[in-house]
Amino acid sequence: MTTRPTLAQLGLNTGKKARLHRILHHHGLRNGTALFLPYDQGLEHGPRDFFANPAASDPRYILKLAIEGNFNGIAIQVGLAEKFYWEYAGEVPLILKLNGKTDLPPDAEALSPVHASVADAVRLGADAVGYTLYVGTPAQERDFAQYQEIRRDAHRYGMPLIVWAYPRGAAVEAKGGKDSFYAVDYAARTASELGADVVKVNFPRPEKREGVKPPYDAEFTSQQAIEAVVRSANRTLVLVSGGEKAGDEAMLEKARQSMEAGATGLIFGRNVWQRAHDESLRFVSQLAEILAKYPST
Amino acid sequence: MTTRPTLAQLGLNTGKKARLHRILHHHGLRNGTALFLPYDQGLEHGPRDFFANPAASDPRYILKLAIEGNFNGIAIQVGLAEKFYWEYAGEVPLILKLNGKTDLPPDAEALSPVHASVADAVRLGADAVGYTLYVGTPAQERDFAQYQEIRRDAHRYGMPLIVWAYPRGAAVEAKGGKDSFYAVDYAARTASELGADVVKVNFPRPEKREGVKPPYDAEFTSQQAIEAVVRSANRTLVLVSGGEKAGDEAMLEKARQSMEAGATGLIFGRNVWQRAHDESLRFVSQLAEILAKYPST
Amino acid sequence: MTTRPTLAQLGLNTGKKARLHRILHHHGLRNGTALFLPYDQGLEHGPRDFFANPAASDPRYILKLAIEGNFNGIAIQVGLAEKFYWEYAGEVPLILKLNGKTDLPPDAEALSPVHASVADAVRLGADAVGYTLYVGTPAQERDFAQYQEIRRDAHRYGMPLIVWAYPRGAAVEAKGGKDSFYAVDYAARTASELGADVVKVNFPRPEKREGVKPPYDAEFTSQQAIEAVVRSANRTLVLVSGGEKAGDEAMLEKARQSMEAGATGLIFGRNVWQRAHDESLRFVSQLAEILAKYPST
Amino acid sequence: MTTRPTLAQLGLNTGKKARLHRILHHHGLRNGTALFLPYDQGLEHGPRDFFANPAASDPRYILKLAIEGNFNGIAIQVGLAEKFYWEYAGEVPLILKLNGKTDLPPDAEALSPVHASVADAVRLGADAVGYTLYVGTPAQERDFAQYQEIRRDAHRYGMPLIVWAYPRGAAVEAKGGKDSFYAVDYAARTASELGADVVKVNFPRPEKREGVKPPYDAEFTSQQAIEAVVRSANRTLVLVSGGEKAGDEAMLEKARQSMEAGATGLIFGRNVWQRAHDESLRFVSQLAEILAKYPST
Amino acid sequence: MTTRPTLAQLGLNTGKKARLHRILHHHGLRNGTALFLPYDQGLEHGPRDFFANPAASDPRYILKLAIEGNFNGIAIQVGLAEKFYWEYAGEVPLILKLNGKTDLPPDAEALSPVHASVADAVRLGADAVGYTLYVGTPAQERDFAQYQEIRRDAHRYGMPLIVWAYPRGAAVEAKGGKDSFYAVDYAARTASELGADVVKVNFPRPEKREGVKPPYDAEFTSQQAIEAVVRSANRTLVLVSGGEKAGDEAMLEKARQSMEAGATGLIFGRNVWQRAHDESLRFVSQLAEILAKYPST
């Protein structure tokens, strides 16, 4: 098992530390773990994601869910933040997502264009910003360029930077796919090397071995894989993503293994709100039970 | 009695609302009231203020006191924020004081020079900034000029602006002095007219009537006076200052009257830390008992 | 006795910590103490200071003395740094003094104008910058304004900021003079409140009690006084200045008391180079003997 | 044999000279030679490089190794510098690597995108910056463009610029490959022509003659080849890279020949940390023995 | 006797060295000495200076005189440079004077306002810029501020900076006057401390002892005085000014003593052109005879 680093060890400047402390110790379980609610799918996938539970199309519904569910933060784009967050400002931490894209154009040269700034996040009282980095994309050059500017501003304003580290692109597909252990491990490390304070990763699938580089072509359990990923991220805190909605037991098991491996928390969206309101809260309370077992100072 | 306005009524932008919500509802009694600990006296008066309780010379002692005493915020200058706040970042809200001065040169043209910026406050994860406005000073022109810049930045960054509204200067002395009802009432209104989100005032003394303009030369109870001051401040939240250390009963009575009048809270420094540690906490708990009676949403 | 804080406690960003570590642990005695050689008198007093030892007029002589004497740094203005430091670049740490003035015009509204930038210091490979703050001057407003800019740049570049905290001006003269315990204590605190990383003070003279504010009008030993000054500076490291050349025993005693009080080091100029070369080194070795007794990590 | 130039001959400005002096004369053997530890493989190759010695996945382990092994510097990306260097700031010189890439996308148009700035390096207290220049890539135009900006800033801040001069791209492959004498010699010269202060090259392999331009198609010993490379670099100091882990004797022989040829030092990563801790230090001490034979002033 | 430093010792960047080399070794006697023709009196004193030789009112006449007289440079303001230098561009080095003032307003707070930039000097092909610094003026703060900007630009563009170091102001008058040994020595040192590459001083008058600080109140010969001044300037090259027209023998003797003391050259205006054309050239040839005796490399 990997031990989760404390905030004091991370080399954070005062503002980043204050804001992460607030997220991890003044919201949610207040025990150093985190449960985030991502709600950027309206841009990333379009409204098709809301048909399973039409109420979820309403950002106000989701914000209230984040508060009722005692989440540590909600991750949204600037438009929804402007129109909806003011009503609940300060009740749940805001993670402003700074880039995003539709999934209409092909993904061959995946790049998530920036559409908001760290200054927007400061102005809106956010406690963190989010950036999607497409690790392995041929558009790496432009990706790093826009990322660098956001990293610099996040440092300057003392704003924690959460990187959605997503393996993507033809080369990734040819080398085991975007959720292979190889790809997820590389993505976590890349976020860390480039200065993310927190990294959001998909749960790695070590069984996807076709085309991966050694030693990833050997056998690993999923527990071994997620532990390696957390280790690769080192002092970058790890959030494990829920991804597409799947069976509850499988999701809870992933959550358990992630926390056991030293992850700081979970970021579950569709698995939470693609069901009826009370079902959502019930599922969230199961996640909270797991997080409660992994406190840190 | 004046009714305290709710955050939703104040016309605040999202960031200011988020940060004030955090101060008023995620710290202290979490009931919409506030108790602040000011610690700028080392600059304003010099270390002489610390001889009564030498431990109070150590900013770390004061920060811990703010946390133990469950304060809603601590107001310090940038140097102490840089050197001490990192250790407790996020545990108690930081109010960064942006101007200040020594009391060595004469006070005839009192002006509190700016030595830090709203950007510093953002960077340090502060939840508000403080500015001393010397109402009535002949240096009014330069005062308003530097104030305007800070108000503009505070708006841009969504940072609540707390104005220390202090009547000061020869004209003030000639017209009843700096804590006359006349002067304090005028100061509260000035802060409100100039865009303060919160105003810190001294408790008004209606008995100081010599030289004041009518109708302040009539008789008023102190309760009437503080109610008028809160009314003058309108949608600028009012904090009442403790000032120099005085008898506990007198201080608690001032606190009661202030809260009854609709003040949002108290800002007590020397009355708190110019005594031994446990005595400080005991006094704070008496203040908290009063605040507990004036919740708001 | 006051305990000297370690670098890890000071809330320094990485660059400031790296540069202070270099000064305190890779030069001089490498034990966390410091002995600095100031050489800005050619500007502050003019060449008259060099007649006692004409060789000292030559900056190259002084630079070599700093290296031979195993100093932790030499403090010079930009002109001498440009023309002389290149030859010994990196052999002894450079503290670039960013402001200064001639003593030709009257001192009533003392202000030390800025004539070099933190960017100059970076470009010259300096390990710290120096700024003279005239605590108590009527020109406080302009002083704080130019100081703020330098503090901001020093933070941005990770450059340690050493403040020459000098009480000065008519008000100071009327209240005990520039080296009274009252004035020196206030000056040390002011530097700390405004964000100095290191403060240079004159040794306080508690016997100068005429006109000082209470409780400084009571009796204090010089040991008590210097301990209070170090305490007022808290996490701002203290350097004690030698000032004008005086008897060796008196100077060494001041040095001893300063280090005993928790000062980090000494900054002695005229007492060092206003004598023949070998005499300078002999005196320096006596200072080093004292510093050797106060190591820190 | 080629004579190594002294710092005084290199036309360096004061800051670059101060920082290189620090690296070469205040760290390592303090004899003008250098042994650097590169640790950018987590980004360049991904975590797969760490499976040989899992401890090496932890940047803190590597930083401590750099200090224990008495290295002259450690070369890392900005993320690891932010999160780990603060703890050891100043104990070992930091070389901030300003560009880098994953090896996921194809290498046909190799370009190493910039993700950090010289200003970041200054802020972190670095003593040099590193830039990977892909000599021969079809992306030469964008490579030179981003390089020019970094060279300009490095000059402006007095920050030594170390160029990783790597022949790369289809044309290079067709003309002898990336480590042919022809390619390495050309790369060293390119770095020098473009203003590198130090160049990192792979050890040239004169036996790779297929497709190289004359006269590189004649027979050369490896000693002749490395001497030519150092000569081509002229007043750009040469560091020879270890590259992939190989047999110790072969590596030590390369090191000997490099130093004999006038190289300033070695930059060995995987050969050092892809083995157990004590084995690493033992190997490093063998390298140090070689460097000790080639002092310069 | 003080030895004149060589260009290689001055820590100049390449551009400054190239331009000074051009002035000192490609013009005039080409022996490292310099004779400059200042022609800024039309602004500083008005046309009254031209009545002694009306031809001197015509800048073209003066430019031709500079060429015929084999001067190392001509110092003029931007207006004359624009209108006249183009015709002789490159034939004699241009020193662009960047500040200046009329002598109409009182001199109590003397300040010479900037009216041209270093960029103007580059654009006009100048080989140096000139700046008048009024050492001792109460306007020191504004003087240093505008000087700093010019020093920075001169460094950035590699343009030698010649400082007209003039003691001025009431304090100076009260302490021996503007050409006392005390004042001139202080002025030379100030220019050096602030980064002048070359300093223009008046010949010191040690007999002016009333009000000067010790040890300047002792007896010194003029040879001793000028030697001290050159020593105070250290690696800032010294030009001695002719000042008002005086007897030839006295002027030549000053020139001899200056060069003997280690000055780099002379800057004589009114003594040259306030007489008929051939007389001017005859006097210049006498100065050249002196300079010829003090070559340097």
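After finding the eigenvalues of the alpha carbon gyration tensor for region C:1-130, what semi-axes result from the square roots of 5 times each, listed largest first in whole Å? Don't skip to the answer; put the middle values down first.
Working: eigenvalues 131, 69, 47 Å².
Gyration-tensor ellipsoid for region C:1-130: 26, 19, 15 Å.
For D:R30, the distances from its label point to the matching points in the remaining copies are 0.5, 5.0, 5.4, 5.8 nm, ordered from shortest, with each point set 7 Å beyond Cα toward Cβ. Ligands, DNA and RNA are left out, and with a 1.4 angstrom probe the accessible area of the protein assembly as shown is 33 Å² per residue.
Taking the alpha carbon gyration tensor of region D:97-173, multiplying each eigenvalue by 5 and rooting it gives semi-axes of 24, 12, 9 Å, largest first.
On average over all directions, what projected area in square nanometres does region A:206-265 have, based on the convex hull of its Cα atoms?
4.6
Using a 10 Å cut-off on Cβ to Cβ distances, tally the other chain neighbours for every residue of B:19-28 and report the average as a whole number. Working shown, then result.
Numbers: counts 3, 3, 5, 8, 1, 1, 2, 5, 1, 0.
So the per-residue partner count for this stretch is 3.
Over the protein assembly as shown, with every protein chain in place, what whole percent of the accessible area is carbon and sulfur at 1.4 Å, could you tell me?
Carbon plus sulfur share of accessible area: 52 percent.
Computed from the C-beta positions of D:Q9 and D:R152 and an R0 of 22 Å, the FRET efficiency is 0.45 to the nearest 0.05. With the simple spin-label model, which puts each label point 7 Å out from Cα in the Cβ direction, the E:E249 to B:D58 separation comes to 8.0 nm.
For region D:106-111, putting each phi into the Karplus relation 6.51 cos²θ - 1.76 cosθ + 1.60 with θ = phi - 60° gives couplings of x, 9, 4, 10, 3, 8 Hz, in residue order, rounded to whole numbers and with x for Gly and Pro. Each peptide among E:147-158, C:160-171, E:48-59 gets the average number of other Cβ atoms lying within 10 Å of its residues, and from highest to lowest they stand as C:160-171, E:147-158, E:48-59. Distances from B:R282 to itself in the other copies, using label points 7 Å out along the Cα-Cβ axis, amount to 5.4, 6.2, 6.8, 10.2 nm in increasing order. Need one number: nm distance between label points at D:E193 and B:N70, each 7 Å from Cα along Cα→Cβ, rounded to one decimal. Inter-label distance under the simple model: 7.4 nm.
In this structure the amide hydrogen of B:K200, modeled in the peptide plane, comes within under 5 Å of the amide hydrogens of B:V163, B:W164, B:A165, B:L239, none closer than 5 places in sequence on its chain. Amide H contacts of E:L266 (H built 1.01 Å from N, in plane; Pro and chain starts excluded): E:A34, E:L35, E:F36, E:V240 sit under 5 Å, all sequence-distant by 5 or more or on other chains. Residues of region E:148-165 falling in the label zone of E:A119, defined by backbone nitrogen less than 16 Å from a point 7 Å along Cα to beta-carbon, are E:149-159.
Counting Lys and Arg as +1 and Asp and Glu as -1, each charge on the Cβ, what is the dipole of region D:30-142 about the Cα centre in debye, to the nearest 20?
Details: 9 positive and 14 negative charges, 37 e Å.
It comes to approximately 180 debye.
Annotation for the E:C interface, with buried accessible surface near 3200 Å², both sides summed [1.4 Å probe; non-protein components not counted]. By the equivalent-ellipsoid construction on the alpha carbon gyration tensor, region E:173-220 comes out with semi-axes of 21, 10, 9 Å, ordered largest to smallest.
Under the Kirkwood approximation for Rh and a Cα-based Rg, what ratio Rg/Rh is obtained for chain B?
0.93
Here, region D:133-217 yields an orientationally averaged convex hull projection of 5.1 nm² when only Cα atoms define the hull. Peptide A:274-285 is shielded by partner chain Cβ atoms: per residue, an average of 0 of them sit within 10 Å of its Cβ. In chain A, the beta-carbon sitting nearest the axis that superposes A on D belongs to the residue given here with its distance in angstrom, A:R142, 9. Mean partner shielding of peptide A:179-190, defined as the number of other chain Cβ atoms within 10 Å of each residue Cβ, is 4. Taken one residue at a time, the phi angles of region E:83-88 give Karplus couplings (6.51, -1.76, 1.60, θ = phi - 60°) of 8, 10, 6, 3, 6, 10 Hz. Gly and Pro are set to x.
Could you sort the peptides A:106-114, E:12-20 by per-residue average Cβ neighbour count (10 Å cutoff), highest mean leading?
Numbers: A:106-114: 16.3, E:12-20: 18.2.
Order by mean packing, descending: E:12-20, A:106-114.
The value for region C:157-297 of Rg(Cα) / (2.2 N^0.38 Å) is 1.05.
Check each residue of region D:53-79 and keep those whose accessible area, probe 1.4 Å, is at least 50 Å² smaller with all protein chains in place than in the chain alone; give them in order of residue number. Those residues are D:S57.
Is region E:50-124 rounded, prolate or oblate when judged by the Cα gyration tensor, a ≥ b ≥ c being the square roots of its eigenvalues, rounded requiring a/c under 1.5 and prolate requiring a/b larger than b/c? Display every interim value, and only then the final one.
Values: a/c = 2.41, a/b = 1.32, b/c = 1.83.
Oblate, because a/c is 1.5 or more while a/b does not exceed b/c.
A protection proxy built from the mean count of other Cβ atoms within 10 Å ranks the segments B:282-293, E:260-271, most packed first, as E:260-271, B:282-293.
Rounded to the nearest whole Hz, the Karplus-based 3J(HN,Hα) values (6.51 cos²θ - 1.76 cosθ + 1.60, θ = phi - 60°) of region C:137-146 follow the sequence 5, x, 8, 3, 5, 5, 4, 4, 5, 6, with x at glycine and proline. Shape analysis of the protein assembly as shown yields a ratio of the Cα radius of gyration to the Kirkwood radius, Rg/Rh, of 0.99. With each label modelled as a point 7 angstrom along the Cα→C-beta vector, the A:Q224-A:L104 pair spans 4.6 nm.
The mean sequence distance of close C-alpha pairs (under 8 Å, at least 6 residues apart), as a share of the length of region B:148-193, puts its relative contact order at 30 percent.
If you average the sequence gap of Cα pairs under 8 Å that are 6 or more apart and divide by the length of chain C, what percent do you get for the contact order? Working shown, then result.
Working: 595 pairs, mean separation 61.7, N = 297.
RCO, chain C: 21 percent.
Which value in deg cm²/dmol, rounded to the nearest 500, describes the helix-derived mean residue ellipticity at 222 nm for chain C, given -39,500 (n - 2.57) per DSSP H run of n ≥ 4 and division by the residue count?
My calculation for chain C gives -12000 deg cm²/dmol from helical runs alone.
Close amide H partners of A:L194, meaning residues 5 or more places away or on another chain with modelled amide H under 5 Å apart, are D:G79.
Sorted from nearest, the other copies put their C:R142 label points 0.9, 0.9, 5.2, 5.2 nm away, the label point being 7 Å from Cα in the direction of Cβ. Longer than 22 Å from Cα to Cα, which of B:K17/B:K200; A:K16/B:K97; C:K101/C:K178; D:K17/D:K64; C:K17/C:K200 are they? Say none if no pair is. In this structure, D:K17/D:K64 exceed 22 Å between Cα atoms. Summing charges over all other residues whose Cβ lies under 13 Å from the Cβ of D:A196, with Lys and Arg as +1 and Asp and Glu as -1, gives +3.
The values are calculated or read from the model by the stated rules, or taken from the named source; none is laboratory data. Remember, predicted model here, so these are calculated numbers, not experimental data. Ideal geometry is used to build each Cβ from the backbone, glycine not excepted, and the neighbour counts take in all protein chains shown. In case anyone asks, the SASA skips ligands and DNA or RNA and just uses the protein heavy atoms, side chains included. Shrake-Rupley method; radii C 1.70, N 1.55, O 1.52, S 1.80 Å.
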